[in-house]
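Asks: Mind having a look at this structure? Questions to follow.
Values in this text are rule-based calculations from the coordinates and carry no lab data. Keep in mind the model is a prediction, meaning the values are calculated, not measured. Note that we place each Cβ from the backbone using ideal geometry, even for glycine, and neighbour counts take in every protein chain shown.
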Amino acid sequence: MKTIKVGTRASKLALTQTKQALIAIQQRSETNLKFEIVKITTKGDRLKNHSLQSIGGQGAFVKELEHRLLDKTIDLAVHSLKDMPTDIPEELTIGGVLPRENPYDCLVFAEEGNSLTDLAPKAIVGTSSLRRQAQLLRMRPDLTIRPIRGNIDTRISKLHTEYDAIVLAMAGIKRLSLDKTLYLEQLSEKHCVPAIGQGALSLECRKEDRQLKEMLERISDRPTLLAITAEREFLRRMDSSCTYPIGGFAKFDNGQLRLTGMVGKADGSVLLKQQLIGKDPVILGRQMAQELKDQGADQLIEEYR
């Protein structure tokens, strides 16, 4: 097989994830593969002073990589799956996914010994995610939520000067080996339902590149694939723009998938939540969407259109 050109965002976390992904691919593949990493700056990386909702939501970190796949500048793109819209170009496909890292969110504190319950009234918490904001305010309506953008190092550097705590994904912290150096509290899905696909890495390629596509399918992690299929089907059946608070997380429980879904208002005043169990991930995702729509999710989403 020729040298595979692999596109990735240029951030420290993205490069670390891509290198870890390529090691995993090599370990799972029966052939000796050669890779060349191609760094690509995305719209989301360039416009750090804008909210993600204002620059295209999920697709802000993905579209440039997909354009490079389509013009054949690269052969493979490594994405954080939570950044990927449910609708991708017809010529492309998610060839495979790797075993999921810790899927949960966490609070990172400026001071040792803190927790969500111990934060002072009106404490300032940094997050630009409406999903995280809605769920935090549901638990602690007295908190002050302020937006924060930038890479993990940039966000952490603002802890002691601008925020009492910030919200980050555990997956990124663990991939950068920061979990032993920070004061943090992991939030379970009971308290904060993760983003769809959070913690998973997707491997996107061209459908016509059959040799690469078949290789990615062979090494793909099936439990992760089934879980994210349920989550993404749920999102697909809702408004998939992700410009409103929505979360979904599936995991295996006694041989079946347990899917938790959430839709809410950004101020935390309304939070619709449901948990379903099933075997077929597509059916499960559709059922979750219908359950939440029956509870009034469409009316909540309409406010963000």
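Asks: Can you tell me, using C-alpha contacts under 8 Å and at least 6 residues apart, the relative contact order of the chain as a whole percent?
Replies: That works out to 21 percent.
Asks: What lysines could a cross-link reach from residue 293, if we take a straight Cα to Cα line under 29 Å and drop same-chain neighbours fewer than 8 places away?
Replies: 82, 190, 251, 265, 273, 279
Asks: Another question, then. With a cut-off of 8 Å between alpha carbons and a minimum separation of six or more residues, what is the relative contact order of segment 221-304 in percent?
Replies: Relative contact order for segment 221-304 comes out at 31 percent.
Asks: Please compute the Cα-Cα pair-distance distribution of segment 171-299 with 5 Å bins starting at 0, giving whole percents from short to long.
Replies: All Cα pairs considered, the percentages come to 2, 10, 18, 18, 18, 15, 11, 6, 2, 0, 0.
Asks: Moving on to the next point. On C-alpha positions alone, give me the angle between the axis of helix 210-219 and the longest principal axis of the chain, in degrees, nearest 10.
Replies: With both axes taken from Cα atoms, the answer is about 50 degrees.
Asks: Can you sort 139, 170, 288 from fewest to most other Cβ atoms within 10 Å of each residue's own Cβ?
Replies: Sorted ascending by nearby Cβ count, the order is 139, 170, 288.
Asks: I need the peptides 187-198, 16-27 ranked by packing, meaning the mean over residues of other C-beta atoms within 10 angstrom, with the highest value on top.
Replies: 187-198, 16-27
Asks: What share of the DSSP beta bridges in the chain is antiparallel, in percent to the nearest 5?
Replies: 75 percent
Asks: With runs of 4+ DSSP H residues as the only contributors, calculate the mean residue ellipticity of the chain at 222 nm using -39,500 (n - 2.57) per run, divided by the residue total and rounded to the nearest 500.
Replies: One gets -9500 deg cm²/dmol as the mean residue ellipticity at 222 nm.
Asks: Hey, if you put +1 on the Cβ of every Lys and Arg and -1 on every Asp and Glu Cβ in the chain, which of 223, 67, 256 ends up farthest toward the positive end of that dipole?
Replies: 67
Asks: On a 0 to 90° scale, report how tilted helix 222-237 is relative to the longest principal axis of the chain, with both axes built from alpha carbons and the result rounded to the nearest 10.
Replies: The two axes meet at around 60 degrees.
Asks: Turning to a different aspect of this structure: Sort 83, 153 so that the residue with the fewest other Cβ atoms within 10 Å of its own Cβ comes first and the one with the most comes last.
Replies: Going from sparsest to densest Cβ surroundings: 153, 83.
Asks: Pairwise over distinct Cα atoms, reciprocal of the mean inverse distance: report the Kirkwood radius of segment 105-186 in Å, one decimal place.
Replies: Kirkwood hydrodynamic radius for segment 105-186: 12.6 Å.
Asks: If amide H atoms are built 1.01 Å from N in the plane of the peptide, which residues on other chains or at least 5 residues away come under 5 Å of the amide H of residue 7?
Replies: Long-range HN contacts for residue 7: 38, 75, 76, 77, 78.
Asks: Follow-up question, since we're still on this one. Taking the DSSP beta bridges in segment 105-186 as the whole, what percent of them are antiparallel, to the nearest 5?
Replies: 65 percent
Asks: Additional query: Highest mean first, how do 238-247, 64-73, 113-122 rank when packing is the count of other Cβ atoms within 10 Å averaged over residues?
Replies: Highest-to-lowest ranking by the protection proxy: 238-247, 64-73, 113-122.
Asks: Follow-up question, since we're still on this one. Using a Gaussian network for the chain with springs between C-alpha atoms less than 10 Å apart, which of these wobbles most: 265, 293, 180?
Replies: Per the Cα network of the chain with a 10 Å cutoff, 180 tops the list.
Asks: I need 80, 177 ordered by Cβ neighbour count within 10 Å, fewest first.
Replies: 177, 80
Asks: Magnitude of the Cβ-charge dipole of the chain, K/R +1 and D/E -1, about the Cα centre, nearest 20 debye?
Replies: In debye, rounded to 20, the chain gives about 520.
Asks: In whole Å, largest first, what are the principal axis extents of the Cα atoms in the chain?
Replies: Principal extents (largest minus smallest coordinate, Cα): 59, 44, 37 Å.
Asks: Starting from 0.36 nm per residue, how many nanometres of slack lie between residue 188 and residue 91 once their C-alpha separation is accounted for?
Replies: 31.2 nm
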